[in-house]
Structures are given as C-alpha cells and as structure tokens.
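Structure first, then comments.
What follows is calculated from the coordinates using simple rules that are stated; it is not laboratory data. As the structure is a prediction and not an experimental result, all values here were calculated from the model. Here the Cβ is made from the backbone with ideal geometry for all residues, glycine too, and neighbour counts use every protein chain on show.
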Amino acid sequence: MSYIPHVPYVPTPERVVKQMLEIAKVSPGDVVYDLGCGDGRVVVTAAKDFNVKKAVGVEINDERIREVQDNIKKNGVEGRVQVIKGNFFEVDVSEATVVTMFLLTNVNEMLRPKLEKELRPGTRVISHEFEMRGWTPKQVVRVEDGNMTHTVYLYVIGENK
C-alpha cells in the first residue's frame, strides 16, 4: 500500500477550470487526467467544452466518485469521461497528454518522480494554486473569480528544468 495523502476537498471555481484547460491549450486530440478529481468538474469540462478524446478523473473518496458519475450523466459525456477509484500514486497516467491537479505543494513534490517517469515529453501539467518545486513553469497565470485571485502553473514535461 503506498502513501495516501490527505488533501482537503476544495472545488476549483468554474472560471479557474476553464482557464486551466485554456492555458494547457487542450484540444480534441488530448487525453486529460485530473488527479484527485473531486466532483469531476475538470474532466467533464474538458470533454464538454474542449471536446477532448478522453478525460479520466482519479479519485479515492466514494462520495466524490458518486458526484463525478452524476456529473458525467448530467452533462451527457458518458463514453468520453471515466473515473478511476484509486490512489493517484498507483494509477498509470502514461497515456495522458494533459494532467491537472489541485493538490498541496508537498504532494506535488511526492508526485514529481512519478510524473517524470510516466509522462512523455510535451505533456502539459497544470497545477492550481500549488507549484511543483524543482520544475520551472512555462507559464504562471493569475485568475480572478470574484472572491479571490487563484494562481495556475503550466509545466511541460521535457521543458520543466
């Protein structure tokens, strides 16, 4: 059994979700993975608004998984969006062309070796609010949502050192 981090569930505001996907230049050829996908808003938006080939949410909490499944049905994106129940440290993400996350800096740091090992050069990694220490971001964007300013980091595998 590998480490299961405790990351509090805080939904990403819709405006930030859209910006994350726009910054990553998500397009119909992409396979998007959201690590700790919560209610599935990132993967559903990727399929519905950006028409991605495939979107996969990885989530460990049963209640959140039910929310993702409801969200998938409600938005009519069955077949293009799936949720994997599991620990994102143990799920193979090698098919991803885009990885999104809203975790904590220490969890990002623990994930870094896995991402470096599994992701192909050119894969975009988007982190909401928390940087990936040791990587140089390609872009850092501030997003206002009416309540606060959010920070979104874009990293590109192979261009992050």
Quiz prompt | Any chance Val152 is crowded, with 19+ Cβ neighbours inside 10 Å and either closer than 27 Å to Gly29 by Cβ or in contact with a strand residue (DSSP E or B) (Cβ under 8 Å, 6 or more places away or on another chain) (or both) | solution = yes
Quiz item: Quick one: in region 5-15, which of the residues that are part of a loop (DSSP other than H, G, I, E, B) and touching a residue at least 60 places away in the same chain (Cβ under 8 Å) is surrounded by the most Cβ atoms within 10 Å (Cβ to Cβ)?
Solution: Thr12
Quiz item: Here are some residues: Gly79, Gly134, Gly158. Which one is on the phi > 0 side of the Ramachandran plot and without any contact (Cβ under 8 Å) to a residue 12 or more places away in the chain?
Solution: Gly79
Quiz item: Which of the residues spanning region 16-33 are in contact (Cβ under 8 Å) with a residue 60 or more places away in the chain and exposed (fewer than 13 other Cβ atoms within 10 Å of the Cβ)?
Solution: Lys25, Gly29
Practice problem: Provide a single number: the residues in region 94-109 that are over 20 Å from His6 (Cβ atoms) and either buried (at least 19 other Cβ atoms within 10 Å of the Cβ) or of a type in the set (Phe, Trp, Tyr) (or both). | Solution: 4
Exercise. Could you pull out the residue among Val143, Val91 that is farther than 23 Å from Lys25 by Cα, aliphatic (A, V, I, L, M) and either out of contact with any strand residue (DSSP E or B) (no Cβ under 6 Å at 6 or more places or on another chain) or surrounded by 14 or more Cβ atoms within 10 Å (Cβ to Cβ) (or both)?
Key: Val91
Quiz item: What residue, among those in region 50-88 that are in contact with a Cys (Cβ under 7 Å, 6 or more places away or on another chain) and under 23 Å from Lys114 (Cα atoms), is surrounded by the most Cβ atoms within 10 Å (Cβ to Cβ)?
Solution: Gly57
Practice problem: Write out, first by first residue and then by second, each pair whose Cβ atoms fall under 7 Å of each other, whose residues are 6+ apart or on separate chains, and whose first residue, in region 104-126, is more than 23 Å from Lys25 (Cα to Cα) and touching a residue at least 60 places away in the same chain (Cβ under 8 Å) while the second is crowded, with 16+ Cβ neighbours inside 10 Å and hydrophobic (A, V, I, L, M, F, W, C). | Solution: Leu104/Val7; Leu104/Phe130; Val107/Val7
